[in-house]
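Peer 1: I have a structure here, written as structure tokens, and I will follow up with some questions on it.
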């Protein structure tokens, strides 16, 4: 019995470490002939390399409208967000750092944030995007209680923080 339990625990830990190794995976995209992130990524991965240069500059320079940021503080804790982005995409280079700045300034935590990076064919390679119906990047998909409540695709209609607020209200 103890051996079985140990094997199960070892298998789970090995699975987690393999999964963790797939985070922030880099490939050369043939379409753009450049290194990109692919599959599941996190903020640390987005702040490295060429995309990280765009990230740092845009994050530093962006000044979100505080009236919406303050309102978001109350309404984001039960949110889950999926971001489908491309590190080669100029819209993503602009909007993703802005989105993180809004989240940071709004304080608190979302329930979860999942970032999926795609290649020039809008494929996450080993990560399926079928359930998300992605046409353009970036796409920010907002969920409450596992139900989609809205999305921002490619560029905001008003501003990123105002569109974010309109969705979560």
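Peer 1: Just to be sure I understand, how many residues within the stretch 92-121 are part of a loop (DSSP other than H, G, I, E, B) and either under 12 Å from residue 161 (Cα atoms) or at pLDDT below 95 (or both)? It would help to see each step written out before you state the result.
Peer 2: Residues of the stretch 92-121 part of a loop (DSSP other than H, G, I, E, B): 107-111, 118-121.
When the remaining residues are screened for being either under 12 Å from residue 161 (Cα atoms) or at pLDDT below 95 (or both), the result is 107-111, 120-121.
Total meeting the criteria: 7.
Peer 1: Please specify each residue of the stretch 122-149 satisfying the condition of being touching a helix residue (DSSP H, G or I) at 6+ places or on another chain (Cβ under 9 Å) and in a loop (DSSP other than H, G, I, E, B).
Peer 2: 136, 137, 138
Peer 1: Does residue 30 satisfy being surrounded by fewer than 16 Cβ atoms within 10 Å (Cβ to Cβ) and either modelled with pLDDT of 95 or more or under 15 Å from the mean Cα position of the chain (by Cα) (or both)?
Peer 2: no
Peer 1: Against the conditions (1) part of a loop (DSSP other than H, G, I, E, B); (2) surrounded by fewer than 16 Cβ atoms within 10 Å (Cβ to Cβ), where does residue 156 fall short? Just the number, please.
Peer 2: All conditions pass for residue 156, except number (2).
Peer 1: Which members of the stretch 56-92 meet the condition of being surrounded by 16 or more Cβ atoms within 10 Å (Cβ to Cβ), closer than 22 Å to residue 35 by Cα and out of contact with any strand residue (DSSP E or B) (no Cβ under 9 Å at 6 or more places or on another chain)?
Peer 2: Of everything in the stretch 56-92, those that are surrounded by 16 or more Cβ atoms within 10 Å (Cβ to Cβ), closer than 22 Å to residue 35 by Cα and out of contact with any strand residue (DSSP E or B) (no Cβ under 9 Å at 6 or more places or on another chain) turn out to be 58, 59, 89.
Peer 1: Any chance the stretch 93-104 includes a residue that's more than 17 Å from residue 137 (Cβ to Cβ), more than 13 Å from the chain's Cα centre (by Cα) and surrounded by fewer than 17 Cβ atoms within 10 Å (Cβ to Cβ)?
Peer 2: Scanning the stretch 93-104 turns up at least one residue that is more than 17 Å from residue 137 (Cβ to Cβ), more than 13 Å from the chain's Cα centre (by Cα) and surrounded by fewer than 17 Cβ atoms within 10 Å (Cβ to Cβ).
Peer 1: Out of all the residues in the stretch 159-168, is one or more assigned to a loop (DSSP other than H, G, I, E, B), surrounded by fewer than 21 Cβ atoms within 10 Å (Cβ to Cβ) and touching a residue at least 24 places away in the same chain (Cβ under 8 Å)?
Peer 2: Scanning the stretch 159-168 turns up at least one residue that is assigned to a loop (DSSP other than H, G, I, E, B), surrounded by fewer than 21 Cβ atoms within 10 Å (Cβ to Cβ) and touching a residue at least 24 places away in the same chain (Cβ under 8 Å).
The values are calculated or read from the model by the stated rules, or taken from the named source; none is laboratory data. Predicted model, so just to flag it, every value in this text is computed and none were measured. Heads up, the Cβs are rebuilt from the backbone with ideal geometry, glycines too, and the neighbour counts pull from every protein chain shown.
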